[in-house]
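Enquirer: Have a look at the structure that comes next, please.
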Amino acid sequence: MIIHSYFRCLAALATGWGIMLSADAAITVKCTPDHADHLYRSSEPVRLTFAADDDGRPLPRHPICYTLRQEDGLTAGGEIITGPDGTAVLTTALQQPGFLILATTAPDGQRTSLTGIGCEPEKIAIDAHRPADFDQFWEKQLRLLEEVPLQELAAIPVEVEPGYRPQVEAFDVKVSAYGERPVSGYLSMPKDARPGSLPAFVWFHGAGVHSSTINADIAAQGLLAFNVNAHGIENGRDKAYYQELDSGELQNYFLSGRTDRERYYFRNMFLRVVRALEYLKSRPEWDGKNLIVFGGSQGGAQALVAAALDRDVNYCFAQVPWMCNFRGAETGCHIPEWPGFLPPPDDPDYAAACRTLPYYDMINFAGRIGCHTEITVGFVDEVCCPSGVYAMFNALRSREKTIFPVPSEGHGDSIIYVKGVEQMLAVLKKLQETEPAP
């Protein structure tokens, strides 16, 4: 049980660094925990120093309004007031593994900032209800994919950005796959690449309905780059095409078929992931040893699936990966992920969804992943919750695995993605330095 002083001190943390919290733009409130990473051990003292100032001058008796939400949904709130010198120090202890999301609101009620704090995330329970036949189920799905001959259905040349045209060529590609839709995406590579000369790179897309993009910048670094459409739909179409799909056939696709493991929407998406890798490995330009997968959110889930189902993947970069620990919220392990994959217990689909979703949980895929894997996580991410991401990370069997936490960033904040791209580019640079030029 978390004591009230725990709520109070963590609420102070919610002010963040340099966040404007007053109607007067010159007034700022800053809070500094004694651990810069916002991570603590159970029962370890947590010392928080926060200060209010008005254009650099200490601001005494300054109110800070807050709300705090635990991962079991319990919310508390209140007001903290600074002391005569404009500062205050609170010391408390975190009592259990997990995360808290804190919201601090300006006195005028117009602005809210978020931040988070974690306790022993390496001890977060793995509670994914792994089916006994999880591996057998996916081996069966891969056999279904094998029955569809690998065939390039189209490879239409497309223009790249002017700055890359002298060195990069790109194609709008379609490849045969299991199900109604093919693999579709943009394939980019250096012009006149020699056979066996290029590491392969796959970029998987986040949630939504949209076109693939052309990774000419990645190809220019000497890679065979495939930007894969999550849905196998047409690329390069006008906005109305994607809006029509989003509001029609693909509306709420992430819930479609969730009561049947053989019919869940992500079954075919994940099989397209595998077929995309098979296609790249069939290309004469592939160097035969480097297969890199990358994506954020839904794309992060696809990258993890790629690493789990294809042992040739040797680098996996998953930024704030989606679909982690679906049922953890049942035991208060984390806030339910958007968009509520698991229906309420009184819903008639609840029991069937509970049987289906574990076959698509990234925690259960993580146990099959042995390659170099790097993860980013935001402590205030309410779409891909940090406890779920850490539970997945804890389940990875990779010997080389790293997680990069961002304490005050949410799902759409750029810092998370910048960090992930930086790590990916560092690996690409390393490959570039060790591989012969194409």
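The values are calculated or read from the model by the stated rules, or taken from the named source; none is laboratory data. A quick note: this is a predicted structure, and the numbers were derived from the prediction, not measured. Cβ atoms come from the backbone with ideal geometry, glycine included; neighbour counts cover every protein chain shown. Calculation scope for accessible area: heavy atoms of the full protein, side chains included, ligands and nucleic acids excluded. Shrake-Rupley method; radii C 1.70, N 1.55, O 1.52, S 1.80 Å.
Enquirer: Give me the net charge of Glu169's neighbourhood, meaning all other residues with Cβ under 15 Å from the Cβ of Glu169; Lys, Arg count +1, Asp, Glu -1.
Expert: Net of charged neighbours comes to -2.
Enquirer: Under a 1.4 Å probe, what is the accessible area of the range 171-217 per residue, stated in Å²?
Expert: 33
Enquirer: Oh, and also: May I ask you to give the percent of accessible area on the range 339-398 that is carbon plus sulfur, with a probe radius of 1.4 Å?
Expert: Answer for the range 339-398 is 52 percent, counting heavy atoms of protein chains only.
Enquirer: Could you look at the range 204-282 and say what percent of its accessible area is carbon and sulfur, using a 1.4 Å probe and all protein chains?
Expert: 40
Enquirer: Which whole-number percent is the relative contact order of the range 41-100 (Cα, under 8 Å, 6+ apart)?
Expert: Relative contact order comes out at 47 percent.
Enquirer: Same structure, new question: Using a simple spin-label model with points 7 Å from Cα along the Cα→Cβ vector, what separation in nm is obtained for Ser176 and Glu422?
Expert: About 4.5 nm separates the two model spin labels.
Enquirer: Still on this model: Per residue, how large is the accessible surface of the range 229-291? Use a 1.4 angstrom probe and give square angstrom.
Expert: The answer is 44 Å² per residue.
Enquirer: I would also like to ask the following. What number, in percent, do you get for the relative contact order of the range 261-387 if the mean sequence gap of Cα pairs under 8 Å and at least 6 apart is divided by its residue count?
Expert: 27
Enquirer: Roll a 1.4 Å probe over the protein heavy atoms and report the accessible area of Val209 in Å², nearest 10.
Expert: Surface open to solvent at Val209 totals about 20 Å².
Enquirer: Leaving out ligands and nucleic acids, and using a 1.4 Å probe, what accessible area per residue does the range 382-423 come to in Å²?
Expert: Spelled out: the 1.4 Å probe surface of the range 382-423, per residue, equals 43 Å².
Enquirer: Further question: Output the peptides 344-355, 51-62, 166-177 sorted from most to least packed, where packing is the average of other Cβ atoms within 10 Å over each peptide's residues.
Expert: 166-177, 51-62, 344-355
Enquirer: What lysines sit close enough to Lys123 to cross-link, taking a C-alpha to C-alpha distance under 20 Å and skipping anything fewer than 8 places away on the same chain?
Expert: Output for Lys123: Lys401.
Enquirer: Additional query: What lysines could a cross-link reach from Lys281, if we take a straight Cα to Cα line under 17 Å and drop same-chain neighbours fewer than 8 places away?
Expert: In chain and number order, the partners are Lys174, Lys289.
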